[in-house]
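S.K.: Below are the structure tokens for one structure; questions will follow.
What follows draws every value from the coordinates through simple rules; no lab data is involved. As the structure is a prediction and not an experimental result, all values here were calculated from the model. Neighbour counts are summed over all protein chains in view; Cβ atoms, including those assigned to glycine, are modelled from backbone coordinates with ideal geometry.
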Amino acid sequence: MTEFTTWDILRNLLLATRWTLLLSLVSFIGGSVVGLCLLWLRISPRAALRRLAKGYIELFQGTPLLMQLFIAFFGLGLFGIDVPAWLAAGVALVLWSAAFLAEIWRGCVEAIAKGQWEASASLGMGRLQQMRYVILPQALKIAIPPTVGFSVQVIKGTALTSIIGFVELSKAGTIVTNATFQPFTVYGLVALIYFALCWPLSKSSQILERKLNVAHRNH
Amino acid sequence: MSYQFDFLWLGEYWPQIAKGIAITGQLTLVGGVVGVSLGIACAWARALGPGFLKPVVGAYVELIRNTPFLIQLFFIFFGLPSLGVQLGELSAANLAMIINLGAYSCEIIRAGIQATPRGQFEAGASLAMTPFETFRHVVLVPSLQRIWPALSSQVVIVMLGSAVVSQIAVEDLTFAANFIQSRTFRAFEAYIVSTLIYLALAILLRQAMLALGGLVFPRRAAR
Amino acid sequence: MSLIEITEVRKSFGDNEVLKGINLDVEPGEVIAIIGKSGSGKSTLLRCINGLETISSGSIQVAGAQLLDDELHLKALRLKVGMIFQQFNLFPHLTAGGNVMLSQMVVKKTPKPEAEAMARRMLERVGLAHKFDAFPDELSGGQQQRVAIARALAMQPIALLCDEITSALDPELVSEVLAVVRELAKEGMTLLMVTHEMKFARDVCSRVVFMHQGRVHEIGPPEEVFANPQTPELRQFLGLQAAA
């Protein structure tokens, strides 16, 4: 049996971390795009669209991400596509992130005073123009801290894709454990790597929020 | 799409599903009660406790909040035996959920404590209560009331997150779904059914938490 | 020996010295009004006597108990001295009765039936026996403040500190609270009150303390202090009060 040094373990884990990062990035960006469309529906003047978006959000927030991954993995297969794990993982995480981001952003848009909508409407702006020039620039500022905070949830969420067989950091942890029989060291290191990825984001989210609160108080 | 949906297996496998629901429920109940209690203790320590406790609890909270639940679970179940701590699947799952919810609820409850008007602490002190007595009898209940909706959401999140305990062979609802799909090859249907059950559980749990709040906090929150 | 002995008390917040050597002895049964502009240190003095602020130097004694900054001494002191706040500070999750019972049970370990009986007596004393089961948000400001007084009285203190207890009240509710305080004074309770109610101070108090810039600027019986102020600062202060 080969002896594994801690460095061997760490190197293998770090190599797999690239996939965690890539998947997180894709999910976050994809989730933002879909989430923005969802937000548009969620705050639409038409009740049917609002309800549709609300149902979507509640469905994805009210069910386990793991189930969503399973359904993406096996459900896409129903279309006769042989689904690779990375595709199912990406699709599920994008749809899941979209629900959460849309809900976070809705809160931010709703925090903008009604007077801003009315004022911009009275200037003859259309709904898209109101959003683009008046509401979003203001909502964006307050949206940044919780959005950065949610990116931590995305990174942690990618760990579940190991269960459908996508080889990222968590899966690598399991594989390396099976080879080395050192679960304490391996999962300890895996946790530390996640921590190293997530903690700076959590911290900056907190700092941004504090700054925002201070700025608001000085108004 | 020429796929034929088939839910006939439900007739044969519903006992597995019922058992899964029971275990998911048990995990949530234990995790919820003990986890929130731990969260209250940690929130006290972080907001009002002695100086030496604050960084310790802070490290615990940050560590848990910045690592995936799955890894926490694996560390407890697979890693701890190297330290001589051998836990069964269910105990490991319970412990992981308690530790996880403890950290998240700590931060939520701490926010509630910090929103307490200073006069409440002073009124307690002027009535000769110790700081801890003031916390216990004056500050705690209104603080919990302030953050009850956020705490309820977090308990639901932990319940949904418990789906991964199937990975250490705890026979929860997800485990039942996996079992059924491996027997019937009706993966999609099995997961759709269990997903809908999770959705129902989430809605039910949320309502139960809000009802509990209405029972425990008959008055509206102060300021 | 005086009931409350305040000797050379100094208190600073950072570089800002708020109390610059206060000396004041209070005899049992005295009713003392502390008046002065905001920022003169009068509220801080009261809060120091209850240990809500730690003094920078000097000493405070109440009935022989020394004010020291540890839990045991603070508790002993606070059992002798009750405090009423400007903002009432009732506990929102407890009924009026529960507010009055809580510290008896928690601090004095009084059994519940006795604590309840005491609570009913004290609420009776402030004229709110019928509000025993009402929550604070169901009470008017004046009623809340009277519950707060009952709550302090239930601990059977030998002195009460009142920190601008009518300042947060609507004008029409002030008199019901002052009537309760007047009654307490008549019964011989030792009272130290920071107040803006000059008429009340004149009618009820045995001595008036005028504080200015962290010092006791003038002190004396109300008839002297109000009729014959010795310093321009007090004259100006009283003039402002009369104009207001």
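S.K.: Find the percent of Cα-Cα distances in the protein assembly as shown that exceed 39 Å, and round it to a whole number.
M.R.: That tail contains 49 percent of the Cα-Cα pairs.
S.K.: Per residue Cα convex hull volume for the stretch A:105-145, in cubic angstrom?
M.R.: 54
S.K.: Averaged over peptide C:98-109, how many Cβ atoms belonging to another chain are found within 10 Å of each residue's Cβ?
M.R.: 3
S.K.: If I model a spin label as a point 7 Å beyond the Cα along the Cα-Cβ vector, how far apart are those points for B:K54 and C:H196 in nm?
M.R.: According to this spin-label approximation, the distance is 3.6 nm.
S.K.: Go through the stretch B:93-104 residue by residue and turn each phi into a ³J(HN,Hα) via Karplus (6.51, -1.76, 1.60, θ = phi - 60°); whole Hz please, and just put x for glycine and proline.
M.R.: 5, 4, 4, 4, 5, 5, 5, 5, 5, x, 5, 5
S.K.: What distance in nm separates the two pseudo spin-label positions at C:E114 and C:E71, each 7 Å out from Cα along the beta-carbon direction?
M.R.: 2.3
S.K.: Return A:E118, A:E58 ranked ascending by Cβ neighbour count within 10 Å, so the fewest neighbours appear first.
M.R.: Ascending Cβ contact count within 10 Å gives the list A:E118, A:E58.
S.K.: Could I ask something else about it? For n ≥ 4 DSSP H runs only, could you compute -39500 (n - 2.57) per run for chain C, divide by its residues and tell me the 222 nm figure to the nearest 500?
M.R.: Values: 9 runs with 98 residues, N = 244.
Here the helix-only value at 222 nm equals -12000 deg cm²/dmol.
S.K.: Same structure, new question: Could you tell me which of C:M101, A:L13, C:Q66 has its Cα farthest along the dipole of the protein assembly as shown towards the positive end, charges placed at Cβ (Lys, Arg +1; Asp, Glu -1), taken about the Cα centre?
M.R.: The one lying farthest along the dipole's positive direction is A:L13.
S.K.: At 4 °C and a viscosity of 1.567 mPa s, what translational diffusion coefficient does Stokes-Einstein give for the stretch B:154-218, taking Rh as the Kirkwood radius over Cα pairs? Give it in µm²/s as a whole number.
M.R.: 99
S.K.: Based on the alpha-carbon gyration tensor of the stretch C:111-194 and its eigenvalue square roots a ≥ b ≥ c, which shape applies: rounded if a/c is under 1.5, prolate if not and a/b is larger than b/c, or oblate?
M.R.: Judged from the Cα gyration tensor, the stretch C:111-194 comes out oblate (a/c at least 1.5, b/c at or above a/b).
S.K.: Can you tell me the FRET efficiency between B:K19 and B:A41 if r is taken as the Cβ-Cβ distance and R0 is 25 Å, rounded to the nearest 0.05?
M.R.: Working: r = 33 Å, r/R0 = 1.31.
About 0.15, to the nearest 0.05.
S.K.: Here is a follow-up. Binning at 10 Å from 0, report for chain B what percent of all alpha-carbon pair distances ends up in each bin.
M.R.: With a bin width of 10 Å, the distribution comes to 8, 28, 29, 20, 11, 4, 1, 0.
S.K.: Still on this structure, I have one more. Which peptide among C:29-38, B:171-180 comes first, and what is the full order, when sorted by highest mean count of other Cβ atoms within 10 Å?
M.R.: For the peptides C:29-38, B:171-180, the packing ranking is B:171-180, C:29-38.
S.K.: So, one more: Any idea what the dipole of the stretch A:1-70 comes to, in debye rounded to 20, about its Cα centre with Lys/Arg Cβ at +1 and Asp/Glu Cβ at -1?
M.R.: Values: 7 positive and 3 negative charges, 125 e Å.
It comes to approximately 600 debye.
S.K.: Right, something else. In nm, what is the difference between 0.36 nm times the number of residues separating C:E138 and C:K20 and their Cα-Cα distance? Write down the numbers at each step before the final one.
M.R.: Numbers: separation 118, 0.36 × 118 = 42.48 nm, distance 4.24 nm.
Computed gain between C:E138 and C:K20 is 38.2 nm.
S.K.: Follow-up question, since we're still on this one. Sorted by packing (mean other beta-carbon atoms within 10 Å per residue), highest first, where do B:91-97, C:50-56 land? All intermediate terms of the calculation are to be shown ahead of the outcome.
M.R.: Details: B:91-97: 22.9, C:50-56: 18.9.
With the highest mean Cβ count within 10 Å placed first, the list reads B:91-97, C:50-56.
S.K.: Please work out the FRET efficiency for the pair B:L29 and C:A227, using the Cβ-Cβ distance as r and a Förster radius of 56 Å; give the result to the nearest 0.05.
M.R.: The calculated FRET efficiency here is 0.15.
S.K.: Name the lysines eligible as straight-distance cross-link partners of C:K131: C-alpha to C-alpha under 30 Å, and not fewer than 8 places from it in the same chain.
M.R.: By straight Cα distance, C:K131 reaches C:K75, C:K80, C:K108, C:K109, C:K112, C:K186, C:K199.
S.K.: For a label point 7 Å from the Cα of C:A168 along Cα→C-beta, name the residues of the stretch B:126-150 whose backbone N is under 11 Å from it.
M.R.: Answer for this model: none.
S.K.: In peptide C:80-93, what is the residue-averaged number of other protein chain Cβ atoms found within 10 Å of each Cβ?
M.R.: 6
S.K.: Sorted from fewest to most neighbouring beta carbons within 10 Å, what does the list C:E27, C:E223, C:E233 look like? Present the calculation step by step, with values, prior to reporting the outcome.
M.R.: Numbers: C:E27 13, C:E223 10, C:E233 17.
The fewest-first ordering by Cβ neighbours comes to C:E223, C:E27, C:E233.
S.K.: Taking +1 at the Cβ of each Lys and Arg and -1 at the Cβ of each Asp and Glu, which of C:G141, C:F91, C:A152 sits farthest along the dipole of the stretch C:84-211 towards its positive end, judged by Cα position relative to the Cα centre?
M.R.: Of the candidates, C:A152 comes out farthest on the positive side.
S.K.: In nm, give the distance between the simple-model label positions of C:H130 and B:A150, each being 7 Å from the Cα along the Cα-to-Cβ direction.
M.R.: Taking the two extended label points, one gets 4.2 nm.
S.K.: Now for a different question. Where nothing but the Cβ of Lys and Arg (+1) and of Asp and Glu (-1) is charged, how large is the charge dipole of the stretch A:14-218 around its Cα centre, in debye to the nearest 20?
M.R.: For this selection, approximately 640 debye.
S.K.: Shifting gears a bit: So for the stretch A:14-218, if I pair up every lysine 8 or more residues apart or on another chain, how many of those pairs have alpha-carbons under 28 Å apart?
M.R.: Taking the stretch A:14-218 as the scope, the lysine pair count is 13.
S.K.: Taking the Cα atoms of chain A, report the difference between the largest and smallest coordinate on each principal axis, in whole Å and largest first.
M.R.: Answer, in whole Å and largest first: 77, 50, 23 Å.
S.K.: Another question, then. Calculate the dipole size of the stretch B:9-222 relative to its Cα centre from +1 charges on Lys and Arg beta carbons and -1 charges on Asp and Glu beta carbons; express the result in debye to the nearest 20.
M.R.: 560
S.K.: Summarise the partner chain shielding of B:158-166 as one whole number: the mean count of Cβ atoms from other chains within 10 Å of each residue's Cβ.
M.R.: 4
S.K.: Further question: At 222 nm, what helix-only mean residue ellipticity would chain B give, in deg cm²/dmol to the nearest 500, using -39500 (n - 2.57) for each DSSP H run of four or more?
M.R.: After summing the helix terms and dividing by the residues of chain B, the value is -24000 deg cm²/dmol.
S.K.: So, one more: Let me know the shape class of the stretch B:1-103, please: from the alpha-carbon gyration tensor, a ≥ b ≥ c as square roots of the eigenvalues, rounded when a/c is under 1.5, otherwise prolate if a/b is greater than b/c, or oblate.
M.R.: Prolate, since a/c reaches 1.5 and a/b exceeds b/c.
S.K.: Here is a further query. Between C:R121 and C:K186, how high is the FRET efficiency from 1/(1 + (r/R0)^6) when r is the Cβ-Cβ distance and R₀ = 22 Å? Nearest 0.05. Don't skip to the answer; put the middle values down first.
M.R.: Details: r = 17 Å, r/R0 = 0.79.
With R0 = 22 Å, the Cβ-Cβ based efficiency is 0.80.
S.K.: Using per-residue counts of other Cβ atoms within 10 Å, averaged over each peptide, order A:153-164, B:36-47, A:200-211 from highest down.
M.R.: Top of the packing list down: A:153-164, B:36-47, A:200-211.
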